[in-house]
Amino acid sequence: MSDLRERFEAAFMPNYGVPPLALARGEGCRVWDVDGREYLDLIAGIAVTSLGHGHPALVEAVSSQVATLAHTSNLFLHEPEVLLAERLLGLLNGDGGDGKVFLSNSGTEANECALKLAIKYGNGRGRKHSGRSYFVAAENGFHGRSMGALSLTGKAAIREPFGPYGIDVRFVPYGDAGALKAAVDENCAAVFLEPTQGEAGVVPPPDGYFAAARAICDATGALFVADEIQSAIGRTGAWFAFQHENAKPDVLTLAKGLGGGLPIGACVAFGPHGDLFAKGDHGSTFGGNPVSAAAALTVLTTIEKDGLLANAASVGETLADGIRAIDHPLLKGVRGRGLWRAAVLTGPHAPAVEAAARDAGFLINALAPDALRIAPPLILTAGQARSFTAALPAILDAAAPKTENSA
Ligand code: PLP
């Protein structure tokens, strides 16, 4: 392990630091490090490995697709991408889905697609001075690291070192419908929002916020773009988090859990917005490649076949109830929905708790100084959730700052 970490440090740019563990393999919700130590994976590669590790259906779909046809580029179409786009639209049909899909490799690229669509919309399909010249996004939001997605990202520490950006983005406090209303007028091209802010610490807005955002966009004609890159594909117990408030966006972006570990993202635009791009306006060599598309199709099929939406909802409650029941000076509470939770701490103890959890055999993520993200595979069992909440008091004890008098 230490040898690999040293070699990592020598070979890689320092943007990630050196991760604390080198993982070697996984099975279901369990992973093993290179020294053979076992962990319960409660973070799933940042809300990605929705079916867990080594799921037989995913292994079969990916292996047989890579053996048949791994890549075509967008010069040629292939069946898995068509099936996937149709399947996604089918899932959205219950919400009046009349969409069109663009497939990318990542969440950031799905948002770049949404941003370019919104710019095209704001430009009035090429007419100059149509007036829709600015964007609204939320303080503390996260939409990705490329220059377009970064310009929409409200987390100042991530955005500011790389500005200024040639795009007018106005940030409003997340969850404040009045502030959103005041910021959006007929000159706004689009509003970009997460249904719950993931990277900010799994922070849900007050009830009704997403529906209010939908209404504000309806009243002004701004595009409503829902960034569901972290929240969709079952994570909250619904296919899409916007369904909890029935606040269907004009443009929806997806990634993470969609591929179950294979890199794929999607941008879906509804109604006339699905036809905003003209031929040549956008593209990707790898986006929607046959292997990732086959993986995503398998993820969707398995979630449906194995009832994983209901599992995420019910095991998510077991997890949250277990955390809520703990009375510990370091623990303040729990927030989030489904299998997408933050254990909220009373102070900046998250890195210490993450390390103590790892020592106890559980992988969780200190995503804010006072918040730990828990986003396990959607196949997590209630027993596995309970094994973590049973261990949590001792983990918190181990992470507690030592007082001068303690031994
Ligand atoms: N949008 C949201 C809400 C995210 O949580 C993330 C990643 O964490 C992204 C966009 C960027 O996705 P990716 O890292 O796949 O480019």
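With a cap of 15 neighbouring Cβ atoms within 10 Å, and only residues DSSP puts in a loop, list the chymotrypsin sites (Phe, Trp or Tyr not before Pro) found in the stretch 299-407.
On the way: sites: Trp340, Phe362, Phe388; in loops: none.
Answer in residue order: no site qualifies.
If packing is taken as the average count of other Cβ atoms within 10 Å, what order do 272-283, 31-42 fall into, highest mean first? It would help to have the intermediate numbers written out before the result.
Working: 272-283: 13.6, 31-42: 17.0.
Those peptides, ordered most packed to least, come out 31-42, 272-283.
Once the other residues with Cβ under 10 Å from the Cβ of Gly338 are scored (Lys, Arg +1; Asp, Glu -1), what is the net sum? Can you show the working numbers first?
Details: positive: Arg235, Arg337, Arg341; negative: Glu317.
Local charge sum for Gly338: +2.
For the stretch 297-407, what are the per-bin percents of Cα-Cα distances with bins 10 Å wide, up to the bin holding the maximum?
P(r) for the stretch 297-407, in whole percents per bin: 15, 45, 27, 11, 2, 1.
At 4 °C and 1.567 mPa s, grab the translational diffusion coefficient of the stretch 21-77 from Stokes-Einstein with a Kirkwood Rh over Cα pairs, rounded to a whole number in µm² per second. Present the calculation step by step, with values, prior to reporting the outcome.
On the way: Rh = 13.2 Å.
Estimated via Stokes-Einstein, D reaches 98 µm²/s.
Sort the following peptides by mean Cβ neighbour count (other Cβ atoms within 10 Å, averaged over residues), highest first: 374-380, 113-119. Mind dumping the intermediate values first?
On the way: 374-380: 28.6, 113-119: 24.3.
Sorting 374-380, 113-119 by mean packing, highest first, produces 374-380, 113-119.
How fast does the stretch 217-307 diffuse by Stokes-Einstein, in µm²/s, taking the Kirkwood radius from C-alpha pairs at 25 °C and 0.890 mPa s? Walk me through the numbers before you get to the answer.
Numbers: Rh = 14.4 Å.
Reported coefficient: 170 µm²/s.
In the chain, what cysteines have no partner Cβ closer than 4.7 Å?
Result for the chain is Cys29, Cys188, Cys217, no neighbouring Cys Cβ within the cutoff.
Report, in cubic angstrom per residue, the convex hull volume of the C-alpha atoms of the chain. Could you put the intermediate results ahead of the total?
Values: hull volume 64.3 nm³, N = 407.
Once divided by residue count, the hull of the chain is 158 Å³.
Any idea of Glu139's accessible area? Nearest 10 Å², probe 1.4 Å.
90
Which residue, Val82, Gly45, Ala70, has the largest displacement toward the positive end of the dipole of the stretch 45-107 when charges sit on each Cβ (Lys, Arg +1; Asp, Glu -1)?
Highest projection toward the positive end goes to Gly45.
Of the beta bridges DSSP finds with both residues in the chain, what % are antiparallel, to the nearest 5?
65
Looking at the stretch 76-203, what % of its DSSP beta bridges pair antiparallel, to the nearest 5? Numbers along the way, then the final one.
Values: 1 of 8 bridges.
Once the DSSP bridges in the stretch 76-203 are tallied, antiparallel ones form about 10 percent.
Could you sort the peptides 327-334, 69-76 by per-residue average Cβ neighbour count (10 Å cutoff), highest mean leading?
327-334, 69-76
Can you tally the net charge around Leu69? Count Lys and Arg as +1, Asp and Glu as -1, for every other residue whose Cβ sits under 13 Å from the Cβ of Leu69.
Working: positive: none; negative: Glu79, Glu81.
Surrounding charge for Leu69 is -2.
Measure nothing fancy, just the Cα-based angle from helix 308-324's long axis to the longest principal axis of the chain, in degrees from 0 to 90, nearest 10.
Compared with the principal axis, the helix lies near 50 degrees.
Given contacts defined as C-alpha pairs under 8 Å and at least six residues apart, what's the relative contact order of the stretch 1-122, whole-number percent? Write out the running numbers ahead of the final one.
Working: 69 pairs, mean separation 14.1, N = 122.
12 percent.
Using a probe of 1.4 angstrom, how much of the accessible area of the chain is carbon and sulfur, in percent? Intermediate results must be reported in sequence, preceding the final value.
Values: 9680 of 17610 Å².
Carbon-and-sulfur percentage of accessible area, whole number: 55.
Ignoring ligands, DNA and RNA, what accessible area per residue does the stretch 136-210 give at 1.4 Å, in Å²?
Values: 3070 Å² over 75 residues.
Accessible surface, normalised per residue, equals 41 Å².
Provide the three semi-axes, in whole Å and in decreasing order, of the ellipsoid equivalent to the stretch 368-407 as defined by the square roots of 5 times the Cα gyration tensor eigenvalues.
Values: eigenvalues 154, 38, 4 Å².
In descending order, the three semi-axes are 28, 14, 4 Å.
Nearest 10 degrees, 0 to 90: what angle lies between the long axis of helix 350-359 and the longest principal axis of the chain (Cα atoms)?
Helix 350-359 sits at roughly 60 degrees to that axis.
Can you pull the one-decimal nm distance between simple spin-label points at Ala391 and Ala360, each 7 Å off the Cα toward Cβ?
0.8
What is the angle, in °, between the Cα long axis of helix 209-220 and the longest principal axis of the Cα atoms in the chain? Nearest 10 is fine, range 0 to 90.
Roughly 10 degrees between the two axes.
The values are calculated or read from the model by the stated rules, or taken from the named source; none is laboratory data. Owing to the predicted nature of the structure, the values given are computational and were not obtained by experimental measurement. With ideal geometry, Cβ positions are generated from the backbone for all residues, glycine too; neighbour counts draw on all protein chains shown. Accessible surface is based on the protein model in full, side chains and every heavy atom, while ligands, DNA and RNA are left aside. Shrake-Rupley method; radii C 1.70, N 1.55, O 1.52, S 1.80 Å.
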